[in-house]
Amino acid sequence: MKSFRTDLHIHTVLSPCGDLEMSPARIVSLAGKRGLDIIGITDHNSTKHCQLVWKLGRRSGLTVIPGCEMTSREEVHCLGFFEDFDALNEFQDFLDLHLTIIPNKPSLFGYQAVVDEFDYILEEQANYLGASLDVSIEEVEQKVHELSGIFIPAHIDRPRNSLYSQLGFFPPELKVEALRISKLADEKAVREKFRINPEITLVKFSDAHYPEDLGKTYTEFYIEDPSFQELRKALKGEDGRSVRIP
């Protein structure tokens with residue numbers, strides 16, 4: 001197996017909380033400079049920058065996994081990743097259908113710009129992408145898996161917008177490929193505090209909103225090649241694949 005330095009939680013300028021310097025081109029450039037092999041694009045409740053980052057990454061030899069950070073009805077943040085753009089586009093339709101409509105106020109929430117590879121603004125999203133969806137975390141998970149995606153609840157140890165802060169427990173019917181813990185969290189301590197089944201994989205990613213954070217926190221994936229299916233196997237610990245938090 002080969003080791004691939006992986007950061008699957010990165011926001012672009014499309015996220016209202018994303019820095020204006022987090023353009024697709026800048027992200028790909030920084031990922032290469034910081035030794036990342038695989039990145040995931042996870043804007044809040046939108047997938048509209050994924051294809052451009054994927055295209056730019058392909059030119060430079062960087063593997064880009066299209067994804068999204070969703071906010072469930074319970075205000076739980078969770079990550080979803082997809083293997084192809086047909087699935088990604090269908091999931092975008094799901095997001096458009098279920099996003100709570102709150103007009104965005106850039107002065108309050110931040111800009112939500114879709115840009116091209118030269119950083120020119122193509123459009124701005126009118127509705128606030130940080131709002132919650134009107135569906136439960138179970139319904140979000142089911143849609144991700146219906147599209148053969150990977151589902152990972154985000155920063156589960158945080159005191160807000162996490163699985164345990166919002167629900168207080170791990171729903172027994174919820175199917176996950178992994179759980180993401182915060183960059184400063186201790187893996188053993190989190191497992192003990194929340195009594196997490198040892199069979200569930202824990203991962204760490206940067207949750208980068210600013211250039212200086214990108215790649216600062218990552219997980220090493222021990223896989224044959226940097227592909228979606230290999231990532232899934234590693235998260236599940238299948239066929240000798242595995243992950244390790246440095």
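Bear in mind that the values in this text are calculations on the coordinates, not laboratory data. What you see is a predicted model; the values in this text were computed from it and never measured. A quick note on method: Cβ atoms are made from the backbone with ideal geometry, for glycine too, and the neighbour counts reach across all protein chains shown.
Structure notes:
- Selection of region 154-173 for residues being under 20 Å from Glu69 (Cβ atoms) and part of a loop (DSSP other than H, G, I, E, B) yields Ala154, His155, Ile156, Asp157, Arg158, Pro159, Arg160, Asn161, Ser162, Phe170, Pro171.
- Candidates in region 200-218 are the residues that are among the acidic types (Asp, Glu) and surrounded by fewer than 19 Cβ atoms within 10 Å (Cβ to Cβ); of these, the one that is farthest from Ile156 (Cα to Cα) is Glu212.
- Some residue of region 158-175 being crowded, with 16+ Cβ neighbours inside 10 Å, farther than 28 Å from Lys233 by Cβ and without any contact (Cβ under 8 Å) to a residue 12 or more places away in the chain: yes
- Candidates Val203, Val176, Val144, Val140, filtered to the one that is assigned to a strand (DSSP E or B) and closer than 21 Å to Cys68 by Cα: Val203
- For region 1-27, the set of residues classified as in a helix (DSSP H, G or I), touching a Leu at 6+ places or on another chain (Cβ under 7 Å) and surrounded by fewer than 24 Cβ atoms within 10 Å (Cβ to Cβ) consists of Ala25 only.
- Filter pass, Lys33 being touching a residue at least 40 places away in the same chain (Cβ under 8 Å), charged (D, E, K, R) and farther than 15 Å from Ile150 by Cα: no
- Selection over region 179-196 of residues that are small (Gly, Ala, Ser) and in a helix (DSSP H, G or I) gives a count of 1.
- Apart from one condition, Thr217 fits all of (1) free of Cβ contacts under 8 Å to residues at least 40 places away in the same chain; (2) out of contact with any helix residue (DSSP H, G or I) (no Cβ under 9 Å at 6 or more places or on another chain); (3) of a type in the set (S, T, N, Q); the exception is (1).
- Strands (runs of 3 or more DSSP E) contained entirely in region 55-122, each with at least 3 residues that are touching a residue at least 12 places away in the same chain (Cβ under 8 Å) and more than 27 Å from Lys33 (Cα to Cα): none
- Count of region 28-50 residues which are part of a helix (DSSP H, G or I) and of a type in the set (D, E, K, R): 1
- Subset tally (residues that are among the charged types (D, E, K, R) and within 21 Å of Ile41 (Cβ to Cβ)) for region 159-217: 8
- Residue that is surrounded by the fewest Cβ atoms within 10 Å (Cβ to Cβ), among those in region 219-238 that are among the aromatic types (Phe, Trp, Tyr) and assigned to a strand (DSSP E or B): Tyr222
- Check on Glu117, charged (D, E, K, R), under 19 Å from Gly18 (Cα atoms) and surrounded by fewer than 13 Cβ atoms within 10 Å (Cβ to Cβ): no
Okay, residues lined up against (1) crowded, with 23+ Cβ neighbours inside 10 Å; (2) under 26 Å from Ile181 (Cα atoms); (3) aromatic (Phe, Trp, Tyr):
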{"residue": "Ala31", "(1), (2), (3)": "yes, yes, no"}
{"residue": "Asp43", "(1), (2), (3)": "yes, yes, no"}
{"residue": "Trp54", "(1), (2), (3)": "no, yes, yes"}
{"residue": "Glu74", "(1), (2), (3)": "no, yes, no"}
{"residue": "His77", "(1), (2), (3)": "yes, yes, no"}
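- Filter pass, Phe151 being of a type in the set (Phe, Trp, Tyr), farther than 21 Å from Met22 by Cβ and either in a strand (DSSP E or B) or touching a Pro at 6+ places or on another chain (Cβ under 6 Å) (or both): yes
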